[in-house]
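Let me begin by presenting the structure, written as structure tokens, before commenting on it.
Every number here is computed from the coordinates shown, using simple stated rules; none is lab data. Predicted model, so just to flag it, every value in this text is computed and none were measured. Counting neighbours? That spans all protein chains shown, and the Cβs are built from the backbone with ideal geometry, glycine included.
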Amino acid sequence: MLLNTSLYAKEAALKWKLLESNVGSEISTLQSYKDNIYAATADQNLLSFCPEDLSITNTVVGNNDEILALVHLGSSASSPSTPSSSHMAVACNSPFIRLYKVPEYTCTLLHGHKDTVLCLAVSTQDPTLLASGGKDREVRIWRLKADLLSCLVVGTGHTEAVQGIVFTNLASTSLYSVSKDTTVKFWNVNYEAGQMSSLRTEIAHEKEINCCDVSPGDEMLATGSQDKTCKLWDKNLTLTVTLRGHKRGIWCVRFSPADRLLATGSADGLIKLWSLTENVCVKQLEGHDCSVLSLVWINDQQIASSATDGLIKIWLVSKQECVTTLEQHEEKVWTITSLKQDGVLNLVSGSADGQLITWRDITESAALLKQVAAEKIVLSQQKLSNLLASKQFGQALKLALRLSQPFTALKILKKLNMEEMEKAVLSLDNASIDQLLGYTVKWNTNSKHCEAAQSALFIILSNYLPDDLLKLSGSRDWVEGLLPYTEKHFQRLSRLQMKSKFTTFLISNIKATAIPQQENEL
């Protein structure tokens, strides 16, 4: 639908094809509102244009579709070589790279690739450089500047889709790419000339290659393939060793940032840790029931992994155990990445359901809260002891209930006579009365504690109206719990009373037998 304003309609009509090439999708609706032009595209995006030159001023993404890769990029002002979370590049089931500005999450669609983008990588030497590869068989390098990515150079040479890409750690002018065509390429980039050339190409595997990674010192390149093997190459792409052990294809490989270890994740549901010194599997992480799609080292002792069932697991490498499982996603999680921001670890995951979820590590804050809670409990215990020593039983009972300590409350009630107990119980508010009645249900099941439970119950029932008690939130539960055992105790006491009366009757009816008299002495 064209604009209602004729001037805008003319401008939009004249530049219609240009707009379509910029947004990459057919415009389904075009409207003007408050001196702005808004367009809705067929792929569920809402675009805002400047009326003067029809440049895109804002993009609202309605659907991410299937998220295949994501990376953080951008440098901090204080340290240009340090990655920050100012921007996030996302590759979806689309030829457009989505550049999100964090934390506003305003989005820009980047046109360049002609088919679906499958992989992304950021240079460790220059966090503003982004490399991408896709089904169009191209490798592109972008630079982030002023919240926009501009394509610097394009590399061609692969005959099938590019499925993995990684910069070398010591230079931003070198990178590796792996492809469905079973080859691995080593690229050299001349940014000044805008040229990108392949220095070496090797047929690396028997089947398509899914992933690659470079060791921290650039000594090794690891590639993982559908042929169930992971291969290690030196920086000249000379094969050094083939790691065998997985029963199905390998989807992800990651070098440890500190130790000489390599982690591989496979469609067999296993994560294997390989020693780079001995080239053998030294540990195996078992817990996923399906394909492991992505791995990231959180630190030198922890790994995060994602799988096709939507689960993300955090592993403690030294103990070979899963310490936590994140269950927010409902579809396969293709990619996860980690970033430490302001001393706090963040994980970001993207899945086939189009969700981008950021996870924050709360281990330290949770430990701090736990410590504070423990200190409060110690202080409360000391206060409780002081109240008992000063015979302030009402306050002591309130504190025991507030601390959720039923055994302490029971000990307090057992120390009181009926008058003191009544005074203490009647000093409680409705919430505490409800809590106390819940405890009496448990005490009433034991004949050793039923006397205290029945005494508290008698005081409450004698001083509160039934309608008021039924308004308590747990009334139904404690009524149902008290009735059967109360009847049982009543029957037991009735039998005991009958027995005691029979004993009294028996004693009163006992007659003394005749006492033999001694014969008088002659």
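Overview of results
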quantity: Rg/Rg_globular for the chain, with Rg_globular taken as 2.2 N^0.38 Å and Rg from C-alpha atoms; calculated: 1.57
quantity: FRET efficiency, THR445 to GLN320 (Cβ-Cβ, R0 35 Å, nearest 0.05); calculated: 0.20
quantity: Positive dipole terminus of the chain, leading residue within PHE490, VAL344, GLY354 (C-beta point charges); calculated: PHE490
quantity: Rotationally averaged projected area of region 69-366 (alpha carbon convex hull; nm²); calculated: 14.4
quantity: Set LYS145/LYS185; LYS272/LYS340; LYS135/LYS247; LYS283/LYS313 screened for pairs whose C-alpha atoms are more than 23 Å apart; calculated: LYS145/LYS185; LYS272/LYS340; LYS135/LYS247
quantity: Compactness of region 382-421 - radius of gyration and Dmax, Cα, Å; calculated: 9.1, 26
quantity: ILE459, ILE362, ILE412, ILE507 arranged by Cβ crowding within 10 Å, fewest neighbours leading; calculated: ILE507, ILE362, ILE459, ILE412
quantity: Per-peptide average of other Cβ atoms within 10 Å, ordering 443-453, 466-476, 141-151 highest first; calculated: 443-453, 141-151, 466-476
quantity: Residues CYS322, CYS50 arranged by fewest to most Cβ contacts within 10 Å; calculated: CYS50, CYS322
quantity: Residue exposure sequence - THR156, THR41 - by fewest surrounding Cβ within 10 Å; calculated: THR156, THR41
quantity: Largest-first principal axis extents of the Cα set of region 321-403 (Å); calculated: 64, 28, 24
quantity: Size of charge dipole - the chain - debye, nearest 20, with Cβ of Lys, Arg +1 and Asp, Glu -1, no other charges; calculated: 1600
quantity: Region 389-483 pair-distance distribution - Cα-Cα, 5 Å bins, rounded %; calculated: 2, 14, 28, 28, 19, 7, 1, 0
